[in-house]
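We did not get these values from a lab; they are worked out from the coordinates using the rules stated. As the structure is a computational prediction, the values presented were derived from the model and not from experiment. FYI the Cβ positions are ideal-geometry reconstructions off the backbone, even for glycines, and counts take in every protein chain you see.
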Amino acid sequence: MQTISLMKEKLPYEINEELKLLRTNILFCGADKRVLLVTSAFSGEGKSTVTLDLCRSLAELGKSVLLIDSDMRKSVLKKKVISQLPENGLSHYLSGQCTLNEVICETETPLFYTVLNGAVPPNPTELLASENMKRLMAFCRDNFDYVIIDSPPVGLVVDPAVIAPLCDGILILIEANEVKYRLAQEVVAKMQATNCPILGVVLNKVSGKKFGKSYGKYYGKKYKAYYA
Ligand SMILES: Nc1ncnc2c1ncn2[C@@H]1O[C@H](COP(=O)(O)OP(=O)(O)O)[C@@H](O)[C@H]1O
Ligand SMILES: [Mg+2]
């Protein structure tokens, strides 16, 4: 298994606290909520950033975590790799070009593993709907405490809705002051149609007096009651 190094930014204290709150809320969702999908309306809202920090945070707590970068069109995670990139990624495995062992990478954070997206394929949605994807998810579910899937925006492509039936729960990330209420409702409706439960919403890039700068905030319980 290849080991990769991922860039690590030192997060401000307040963001770290919000991440811990997000982690705690996820842990309290129950032992049957271990395979989670993260999505949002658009790109750039902060899915990949929050997902990566969340995975590290769960690993630091002693949970084994696998982050799957399912955005085969545009990968942010790949750009954060500061060591040699693995030859194969998700698209290679799903199209039958390599084995599972060749795509799961260890990271420098103990217990934190990742599958990068691989080369851009012509048919990402079809690959995500393939039998190989089901096989990958079944293996990961059996071998990690948490499997977190970073996905492309549901406002632009159908991919998150294709993956959701293989997951235990969905986290929707919304960028504060950017995504209109009606659009957020559309995202929720699209994900609800998959029958995979929405566990909560992360309101990201919130500016506030308390924080001065942007930070991520989890509103899981509040939104759960609202949308469920
Ligand atoms: N809470 C935050 N505060 C400030 N900047 C953020 C925050 N979350 C993400 N970003 C920045 O927003 C940009 C887009 O984030 P990214 O995670 O790539 O979004 P997505 O995966 O949804 O496309 C990145 O430059 C990232 O550093
Ligand atoms: Mg992303």
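Taking label points 7 Å from Cα along the Cα-to-Cβ direction, residue 9 and residue 21 give a separation of 2.0 nm. Exposed loop sites were defined as GluC sites (Glu not before Pro) in DSSP loop states (anything but H, G, I, E or B) carrying at most 15 other C-beta atoms within 10 Å; in the chain the longest segment without such a site runs 10-86. About its Cα centre, the chain has a charge dipole of approximately 840 debye under the convention of +1 per Lys or Arg Cβ and -1 per Asp or Glu Cβ, with nothing else charged. Just want the answer: with Cβ charges of +1 for Lys and Arg and -1 for Asp and Glu, which residue in 16, 157, 122 is farthest toward the dipole's positive end in the chain? Result: 16.
Between 196, 68, 139, the Cα set farthest toward the positive side of the dipole of the chain (charges on each charged residue's Cβ, about the Cα centre) is that of 196.
3J(HN,Hα) along the range 91-106: 5, 5, 5, 5, 8, x, 8, 7, 8, 4, 4, 7, 9, 7, 10, 7 Hz, from the Karplus curve 6.51 cos²θ - 1.76 cosθ + 1.60 with θ = phi - 60°, whole Hz, x for Gly and Pro.
Rounded to whole numbers, the Karplus 3J(HN,Hα) couplings from phi for the range 172-182 are 9, 9, 10, 7, 4, 6, 10, 9, 6, 3, 4 Hz, using 6.51 cos²θ - 1.76 cosθ + 1.60 with θ = phi - 60°, and x at Gly and Pro. Put a dot 7 Å past the Cα of residue 84, heading toward its Cβ, do the same for residue 97, and the two dots end up 1.8 nm apart.
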